[in-house]
1. Taking interchain pairs and intrachain pairs at least six residues apart, which have beta carbon atoms under 7 angstrom, with the first residue in region 242-259 and at positive phi and the second within 16 Å of the ligand (Cβ to nearest atom) and not aliphatic (A, V, I, L, M)?
2. Within region 36-56, can you find the residues that are outside any loop (DSSP other than H, G, I, E, B) and in contact (Cβ under 8 Å) with a residue 24 or more places away in the chain?
3. Under 6 Å by Cβ, and 6 or more places apart or on different chains, what pairs join a residue from region 93-115 that is over 17 Å from residue 248 (Cβ atoms) with one that is basic (Lys, Arg) and buried (at least 23 other Cβ atoms within 10 Å of the Cβ)?
4. Mind telling me which of the residues 210, 231, 293 ends up being of a type in the set (Phe, Trp, Tyr) and crowded, with 24+ Cβ neighbours inside 10 Å?
5. Any idea which residue in region 283-319 is nearest to the ligand (Cβ to nearest atom), counting only those that are within 16 Å of residue 218 (Cα to Cα), in contact (Cβ under 8 Å) with a residue 60 or more places away in the chain and not small (Gly, Ala, Ser)?
6. So, restricting to helices (runs of 4 or more DSSP H) that lie completely within region 106-182, which ones have at least 3 residues that are within 16 Å of the ligand (Cβ to nearest atom) and among the polar types (S, T, N, Q)?
7. Please identify the pairs in which a residue from region 160-171 that is without any contact (Cβ under 8 Å) to a residue 40 or more places away in the chain has its Cβ atom under 8 Å from the Cβ atom of a residue that is hydroxyl-bearing (Ser, Thr, Tyr) and buried (at least 17 other Cβ atoms within 10 Å of the Cβ), counting only partners at least 6 apart or on another chain.
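The values are calculated or read from the model by the stated rules, or taken from the named source; none is laboratory data. Predicted model only: the values in this text are computed from it and were never measured. Positions of Cβ are backbone-derived with ideal geometry, glycine not excepted, and every protein chain shown enters the neighbour counts.
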Amino acid sequence: MSEKILYYSTNRKAEKVTFKEALLKGLAPDNGLFMPDPIPGISAEELLGYADKPYYEIAYEVGRKFLANEIPDKDLYSITKDAYNFDVPIEQVYERKYIMHLDQGPTASFKDFAARLMGRLMQYFLKKENRSLLILTATSGDTGSAIANAFYELENIKVVVLFPEKEVTDRQRKQMTTLHKNIQIIALNGKFDDCQAIVKRAFADEELAYLNLSSANSINIGRLLPQSMYYTYTYAKLCKDCNDKIIFSVPSGNFGNLMGGLIAMKMGLPVKRFVVSTNENDEVPVYWKTGKYKIIVPSVNCISSAMNVGHPSNMARVVSLYDGVMDDKGIIHNQPNIERMRKDMFAVSIDDIRTKQTIQDVYEKYGLLIEPHGAVGWAGLMDSFKDNIEDASPEQICVCIETAHPAKFPEEIKEILNIDPQLPESLKGLEDKEERYDVLENDYSSFKNYLKDKYF
Ligand SMILES: *Cc1c(COP(=O)(O)O)cnc(C)c1O
């Protein structure tokens, strides 16, 4: 057996727990976020040996470094194989500069990577103990469909998604309401904030404790570990020898994607630098510059809408990895080593004008269609070359992460390029499927009665 990995809380006031406990709890009892300790190692030689493996096998190899003590290898192997049944294309743009497309999953966004593995790991532990969970999620569109699709047909888990009736697009709604089975969808006659408030209240309601309510939100450690896997995959596929170091540009909102990369780097992945690309919500680039972290309220609305975050929920983890303590409000209790943070991560803010310009430039120059989030990543990478000229050299491997499929942003793409992006297979045929969902008034007691009637 390998060394036992436990999970500590970033607030450092709770007992360490196993992966299973961290996964099923979500949040630590002191309201901190779980982090692995120690972070297991992986050598460059080992990684280069993965060059010919398919994605799910590399995911398995990384996963077992964390989970060997809690899940037998053969079980983990079938879990990763089942979760990752789609392509992970890495496309050359020019020289050794690439775009990695994390948009081939069932909802065409990189959130599929985390949600699908997390769902299967939850199912695994629940089935073993003959327990069940009811996952409650409020969504403004994308997270709900990723969770609903990832948990579809899993055993011992039911899902209830609440969305604001008038605030999601037809396609977003259909991605959730055409699934059925263990996935129940509710349209609330209210706003996203109302959905969130109702879900929060349900979690705190003693009378609903019998339902074993759980959340699948982005701070769960079960969503983080899967996000370290595509970084190792990319290294294994692109790097030829142990001298190669890689640069990743990560379009960032809640910094879960970036945290996955930082964990991979801590494991030993030879990363030269992360380019942390944000939209106009620039609290982190400003923090790097001034040493002062100031959250942005309310967050700025940009076309890269999944990154409109004024206080990234994973910042506490980033700070923790650099030996500091930040609480959930963004207050720093122990200073992290900011010099090392600045060295490992180049942080840059890209406004909407640049984002649109980048979509146009990349299309005209390379014939590649990217969407607003990926464009923030690409523009950030280009900006980083101004500060680090040697990174632009033909030998330096740089990978920009494209987090969604352009067809998810048809209006923006039409406006900028005057073309209609082709739907990926996964998003086709929604029009012909039967939609089913319930509509509820915007008040807590209707929701509570609904749950009690439906789940007992
Ligand atoms: C969620 C999301 C992001 C931001 O990822 P974080 O892990 O929150 O930084 C970027 N792009 C898309 C398309 C997303 O859905």
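1. 255/312; 255/314
2. 36, 37, 44, 45, 47, 48, 55, 56, listed by residue number.
3. 108/408
4. Numbers: 210 fails: crowded, with 24+ Cβ neighbours inside 10 Å; 293 fails: crowded, with 24+ Cβ neighbours inside 10 Å.
Of the residues listed, the single one that is of a type in the set (Phe, Trp, Tyr) and crowded, with 24+ Cβ neighbours inside 10 Å is 231.
5. This residue is 307.
6. Numbers: elements: 111-128, 142-151, 170-177.
Per the criteria, 142-151.
7. 161/137; 161/139; 163/139; 163/140; 164/140; 167/140; 168/139; 168/140
So that you can scan it fast, the table gives a plain yes or no per residue for (1) of a type in the set (S, T, N, Q); (2) more than 16 Å from the ligand (Cβ to nearest atom); (3) surrounded by fewer than 16 Cβ atoms within 10 Å (Cβ to Cβ):
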| site | (1), (2), (3) |
| --- | --- |
| 393 | yes, yes, yes |
| 399 | no, no, no |
| 405 | no, no, no |
| 411 | no, no, yes |
| 419 | no, yes, yes |
| 431 | no, yes, yes |
| 435 | no, yes, yes |
